[in-house]
Amino acid sequence: MPGLADDTIALALGSGRRGAESIARGVGTLKVLSPVDYASWLNQPVIDASGLTDLRADGENAARRRECLACHTVDGQRHIGPSWAGLYGSWVTMNDGRRVLADEEYLTRSMMEPNADVVEGYRSVMPSYFGFLPQPEVAAMVEYIKSLRDVTAHGVQLPALAITPLAQSDAGAPEAGPPLLQEAP
Ligand code: HEC
């Protein structure tokens, strides 16, 4: 990130999922933490270990608290990262041309090693959560993302230069053909 020392980690803490964008517009707050503070912030448990009854709700809560939703939307809208709507079970095209099925393993790997698979059309700016996210949170967030598999995008505005949606209706069908996202000519 320009203007920041290499050993600092910037977190965009704005309002809700548009947080990072709020920062960009100058209405959010930007918090810069040392790696140690960042690690301890990440280590705060956000799931009550005794009450893992509603995985999906816990996952949503975790995603919010971990600021995943500062970069990802759940309504199909492209943000700093790809939307989680319709992601589970879809085929995702990577920047090296590989197509990967978005199953539980892929979702987990995306959190732990975000640079292992970088989604086409996006920059690899996602921080790695390896060693920070407790396993129950990872499982709950995977469950949350799975629950969004049938969410279809309404009123999505895609930046012209970036991507064109293809065959959105195939989102729920793993075997289905063309990639969901393709670079605009
Ligand atoms: C600073 C912004 C940012 C934050 C915070 C962030 N991500 Fe991401 N994420 C991205 C970007 C950009 C990509 C696409 C590039 C890539 O694949 O690394 C991505 C990709 C992903 C993917 C793959 C998406 C796809 O369409 O295949 C998943 C799953 C994911 N992130 C989950 C998470 C979770 C869970 C969290 C919170 C624990 C999180 N992300 C936090 C920016 C972010």
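If only residues of segment 130-139 that are within 10 Å of the ligand (Cβ to nearest atom) and among the hydrophobic types (A, V, I, L, M, F, W, C) are counted, the one that is farthest from residue 59 (Cα to Cα) is 132.
If the condition is being surrounded by fewer than 18 Cβ atoms within 10 Å (Cβ to Cβ) and more than 10 Å from the ligand (Cβ to nearest atom), then segment 78-100 contributes 96, 97, 98, 99. Residues considered: 143, 113, 104. Of these, the only one that is modelled with pLDDT of 95 or more and surrounded by fewer than 16 Cβ atoms within 10 Å (Cβ to Cβ) is 104.
With the condition kept exactly as written, say whether any residue in segment 113-129 is closer than 16 Å to residue 59 by Cα, within 11 Å of the ligand (Cβ to nearest atom) and in contact (Cβ under 8 Å) with a residue 60 or more places away in the chain. Looking through segment 113-129, at least one residue is closer than 16 Å to residue 59 by Cα, within 11 Å of the ligand (Cβ to nearest atom) and in contact (Cβ under 8 Å) with a residue 60 or more places away in the chain.
Among the listed residues 73, 93, identify the single one that is assigned by TED's automatic domain parsing to the domain that holds residue 133, touching an Asp or Glu at 6+ places or on another chain (Cβ under 6 Å) and at pLDDT 95 or above. Spell out the reasoning first.
Details: 73 fails: touching an Asp or Glu at 6+ places or on another chain (Cβ under 6 Å).
Matching residue, one of 73, 93: 93.
The values are calculated or read from the model by the stated rules, or taken from the named source; none is laboratory data. It should be emphasised that the depicted structure is a prediction, and the values quoted were computed from it without experimental measurement. Ideal geometry is used to build each Cβ from the backbone, glycine not excepted, and the neighbour counts take in all protein chains shown.
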